[in-house]
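**Q** Here's a structure for you.
The values are calculated or read from the model by the stated rules, or taken from the named source; none is laboratory data. Nothing here was measured: the structure is a model prediction, and the numbers come from that model. Here Cβ is always computed from backbone atoms with ideal geometry, including for glycine, and neighbour counts include all displayed protein chains. We work out accessible area using only protein heavy atoms, side chains counted, and drop any ligands, DNA or RNA first. Shrake-Rupley method; radii C 1.70, N 1.55, O 1.52, S 1.80 Å.
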Amino acid sequence: MKIVVLTGSPHKDGTSSLLTERFIEGAKEAGHEVYRFDSAFKKVHPCVACNKCKCGEKPCVFQDDMVELFPKLIEADLITFVTPLYYYGMSAQIKIAIDRFYSINNMLRGADKKAILIVTGTNSREWAMKGIAGSYTEALKYLQWQDYGQLLAKGCPAREDLEKTDYPLQAYLLGKRL
Ligand SMILES: Cc1cc2nc3c(=O)[nH]c(=O)nc-3n(C[C@H](O)[C@H](O)[C@H](O)COP(=O)(O)O)c2cc1C
């Protein structure tokens with residue numbers, strides 16, 4: 001499979017980057033081709049809803065680093081979203097990139113794609129990941145993509161906390177079992 005891993009953390013060595021690395025390791029070992037796009041370290045302008053693109057008929061008015069991601073998204077079989085939990089949703093960095101999917105919406109929606117969600121957050125309460133999992137599920141319904149797994153790593157404020165859990169192993173296995 002061709003896999004795009006889209007990340008949203010500004011921490012190069014944080015919690016979600018550890019899960020990203022383990023997931024990619026597993027997926028590569030299983031023979032998959034992985035392209036990683038770290039949105040926090042790319043130039044990505046927010047969508048301004050000008051609708052010049054008409055959801056894919058014309059290029060987006062912003063010719064920034066998304067130009068590199070668009071063809072990868074179109075050809076991907078599976079897209080893995082990895083984000084820290086920010087105010088019970090995705091980080092702004094990854095959300096800005098996702099909103100820009102609008103300019104190729106017609107090529108993404110209804111295409112035969114799968115998705116995975118990986119999240120890290122501090123709160124360990126039962127409800128902590130409900131909002132982010134809900135918005136991911138609804139976006140997938142709209143896009144008509146198939147959910148291929150969710151790894152919601154609660155109670156992990158920092159990398160050393162995450163390292164004491166089996167979430168990194170779960171991330172590895174999520175990739176390896178694809
Ligand atoms: C702006 C901001 C908002 C956050 N919001 C939440 C939150 O709503 N719930 C939560 O459990 N943790 C929250 N956190 C904590 C992070 O999700 C947590 O530290 C995570 O492990 C960071 O991932 P990273 O190291 O990959 O960046 C927030 C952190 C920041 C900086």
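**Q** DSSP loop trypsin sites (Lys or Arg not before Pro) in the range 70-178 with at most 12 other Cβ atoms within 10 Å of their Cβ, which ones?
**A** Filter output for the range 70-178: 125, 164, 177.
**Q** With N residues in the chain, what two-decimal value do you get for its Cα radius of gyration over 2.2 N^0.38 Å?
**A** Rg over 2.2 N^0.38 Å, computed on Cα atoms: 0.99.
**Q** With a cut-off of at most 11 other beta carbons within 10 Å, and DSSP calling the residue loop, which GluC sites (Glu not before Pro) in the range 79-178 qualify? Please list them.
**A** 126
**Q** Using only helices, what value at 222 nm comes out for the chain when you add -39,500 (n - 2.57) per DSSP H run of length 4 or more and divide by the total residues, to the nearest 500 deg cm²/dmol?
**A** It lands at -10500 deg cm²/dmol.
**Q** Within the range 60-88, what residues put their amide N at less than 20 Å from the label point 7 Å along the Cα-to-Cβ vector of residue 50?
**A** Label zone hits: 60-71.
**Q** So which of 72/130; 12/54; 42/164; 52/141; 54/154 end up more than 27 Å apart, counting from Cα to Cα?
**A** Pairs exceeding 27 Å: 72/130; 12/54; 42/164; 54/154.
**Q** Counting only protein heavy atoms and a 1.4 Å probe, tell me what percentage of the range 24-144's accessible area is made up of carbon and sulfur.
**A** Solvent-exposed carbon and sulfur of the range 24-144 make up 54 percent of the total.
**Q** If R₀ is 25 angstrom, what is the calculated FRET efficiency for the pair residue 107 and residue 21, using the beta carbon separation as r and rounding to 0.05?
**A** 0.30
**Q** DSSP beta bridges in the chain, what fraction antiparallel, as a percent rounded to 5?
**A** 5
**Q** Between residue 29 and residue 2, what FRET efficiency follows from the Cβ-Cβ distance if R0 is 22 Å, with the result rounded to 0.05?
**A** The value I calculate is 0.85.
**Q** Related question: Which residue fluctuates the most in the chain, going by a Gaussian network model with Cα springs under 10 Å, if the choices are 143, 108, 19?
**A** In this elastic network of the chain, the residue with the biggest mean-square fluctuation among 143, 108, 19 is 143.
**Q** So, one more: Filter the chymotrypsin sites (Phe, Trp or Tyr not before Pro) in the range 53-124 down to the DSSP loop ones having no more than 12 other Cβ atoms within 10 Å, then list what survives.
**A** 87
**Q** Among 120, 134, 61, whose Cα projects farthest towards the positive end of the dipole of the chain, with charges put on the beta-carbon of Lys, Arg (+1) and Asp, Glu (-1)?
**A** Selected residue: 61.
**Q** May I ask you to give the solvent-accessible area per residue for the range 117-178, in square angstrom, as obtained with a 1.4 angstrom probe?
**A** Per residue, the range 117-178 has an accessible area of 55 Å².
**Q** Now for a different question. Hey, how many Å between the Cα centroid of the range 1-75 and the Cα centroid of the range 143-174?
**A** Measuring centre to centre over Cα atoms gives 18 Å.
**Q** Over the range 9-116, what is the relative contact order in percent, taking alpha-carbon pairs closer than 8 angstrom and at least six residues apart?
**A** After rounding, I find 34 percent.
**Q** Nothing charged except the Cβ atoms of Lys and Arg (+1) and of Asp and Glu (-1): what's the magnitude of the dipole of the chain about its Cα centre? Round to the nearest 20 debye.
**A** In debye, rounded to 20, the chain gives about 400.
**Q** Excluding residue 151 itself, what net charge comes from residues whose Cβ is under 11 Å from its Cβ, given Lys and Arg +1 and Asp and Glu -1?
**A** Charge balance in the 11 Å sphere: +1.
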